[in-house]
């Protein structure tokens, strides 16, 4: 029997997984703080001279192309390869893929040169990568047909666990698909909530191993924290602050009572 | 008759303009979040390979030299030229111009190679660019003589809309000048409130077209949100959080009741 | 007689020291805002073309290797040398030293090429630099033997003021050591509280001169603000927000009443 979501949450907090991020400079601080509040230890470094050593000692590596450039993309590949050699799972967040040719080419390059364990994107991004014609405007999903089908197709094509996030989240591996219905509307009004999810996924696959269940647990825990924060929020500003508190203070009982996963 | 400020606010929220930023890594997260709360869709990207495509598809491009370097300055010029070709308005925030020779030379280069639609700076920065001997210390205004006169002179010289911000804000085009008296003292105690204003200006010129009126509307809406946040703030930390809430929750009635523009 | 901590706090606020940071993109916004709330004027710039001019006009320069790369490390050396020529004190925060060879080599290079006035790190980092076998995992201390002894040894070896932070903080010069017992547990749950301390140290050495007393005053004021924020916090998110408020609103009476320095 799989461990429950609350059991995985306890394991993350006990393990304190080191999560090496190469990520964008827009939302990086929120990624670091949500990682701490989830029970992980974040480290951000992107120099070619530094990333192979850091990735090899990490519990998970998160690659996020939000503010990519030639230097950091090369470092993502270097870090990903070092992680692969050391059997450290790699989470790819293909931010804005489909919005521009460079973003699409970069995501494809990383997937070609690195064995990603998890791909997490918004519905549009996952549909683009699945070849199902999703639309992305800037870094936002702008249409995705059937995101669950896209997640399944991309999982089948790549052999990874794929998460397509949105009002409803889908997590697929080559055999199963999980449908997650936690969360709240204010998540759409804060920059980087998708990036934060990827950081939490890094914590969970780092501490609990790679599976659709551990990825779904990470997303659900984050979304349940968001529901609790939502109650105390007057808008996007207070919501973001309360999200960190809620993630840190979340109990297994709260998770068990609120979980909506099928 | 020009649309009212509250009518422009409604249009921004309805249009959801995509605002492409090449900006500094200090305040970029606040720029993204204020842009969302103003009704826009922020995207930050600065790679030479990416910016021409992103800028061409944006509603506005914001160039901010706060943490400039040779690579990103080249990208600002590339993005600005692509925006010019696609008739996308460019907003320049010449952060710290006058504080060092490199900043001054860079702002002048951008203005030479790119047709900016709007220049928004603090009073010292605008006075420096206008050749009226303003003083800038670090990234803060340190003296500006008559900021309204500086805005007018720079607008006349460049043909752009020019905003000089401070305790009182001035917005000039080649023919008019508007004087804005909203805001509160705590705006001076948070890093990046000037950068945030430029992001909001990007939203308004992207959705409502370039004019002294749309630039003044953006600044006024931001400053009115600041007044509302000020009431709920215990200091700079809570003020910043409440500013996002207030910007998101602002009503046309609040704007109409509080607007102090002449 | 040395000025009291509260007298130094007053002097910082009156002087408004310009603190030039070359720092990481994870916690840079918090550094800017805590610097303002402490009474300083932050500026962040890392281009080779810009840093000699900015450093020479600053009251202090803070070098933080949290997200180092070849370009910015070269700029740190350039800025540090310009600061040395202009008699501007340099504060080094050797983030993650000991976690990877590149970080260790970079900290050693900076210390070789620049005369640092202050080295501030967590206990593990200071123990690594002191050659006393500390352990660093990612950017977190993972064991340090006796941090006070490490601070003393590194101060003796380098002739700088050395601060080793943690649940108890130690500040050593070549002759004395101070033990600081303010602070709260939530400081460990927010990314970048160590970086923020370095920014506040920059303010204090910039305004009050370099001494173990001014460094200890900076750390103590920050930690006392943290104690006051802790009372109003529900978790790491609200704590961080309240920390800025508390730093801004702190009174000399609060400092005098709470100071635990020996």
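The values are calculated or read from the model by the stated rules, or taken from the named source; none is laboratory data. Please read all numbers here as calculations on a predicted model, not as lab measurements. Every residue, glycine as well, gets a Cβ built from its backbone with ideal geometry; the counts of neighbours run over all protein chains shown.
Would you confirm, using the coordinates I've provided, whether residue C:62 is in contact (Cβ under 8 Å) with a residue 40 or more places away in the chain, more than 28 Å from residue C:136 (Cβ to Cβ) and more than 10 Å from chain B (Cβ to nearest Cβ)?
no
Looking at region C:40-59, which of its residues are buried (at least 24 other Cβ atoms within 10 Å of the Cβ), within 15 Å of residue C:199 (Cα to Cα) and more than 7 Å from every other protein chain (Cβ to nearest Cβ)?
The answer is C:40, C:55, C:58.
Condition (residue is within 14 Å of chain B (Cβ to nearest Cβ) and either modelled with pLDDT under 95 or under 19 Å from residue A:191 (Cβ atoms) (or both)) applied to region A:100-115: is it met by at least one residue?
Yes, region A:100-115 contains at least one residue that is within 14 Å of chain B (Cβ to nearest Cβ) and either modelled with pLDDT under 95 or under 19 Å from residue A:191 (Cβ atoms) (or both).
Spot the failing condition for residue C:105; the list is (1) free of Cβ contacts under 8 Å to residues at least 12 places away in the same chain; (2) assigned to a strand (DSSP E or B), and only one is missed.
Of the numbered conditions (1) free of Cβ contacts under 8 Å to residues at least 12 places away in the same chain; (2) assigned to a strand (DSSP E or B), the odd one out for residue C:105 is (2).
Looking only at region C:116-143, which residues are in a loop (DSSP other than H, G, I, E, B), crowded, with 20+ Cβ neighbours inside 10 Å and at pLDDT below 95?
Result: C:134, C:138, C:139.
Which one is nearest to residue B:188 (Cα to Cα) among residues in region C:25-39 that are facing another protein chain (nearest Cβ under 7 Å) and in contact with a strand residue (DSSP E or B) (Cβ under 9 Å, 6 or more places away or on another chain)?
Filtering first and then ranking leaves C:36.
Mind counting the residues in region A:246-256 that are touching a helix residue (DSSP H, G or I) at 6+ places or on another chain (Cβ under 6 Å) and surrounded by fewer than 24 Cβ atoms within 10 Å (Cβ to Cβ)?
Residues meeting the conditions: 5.
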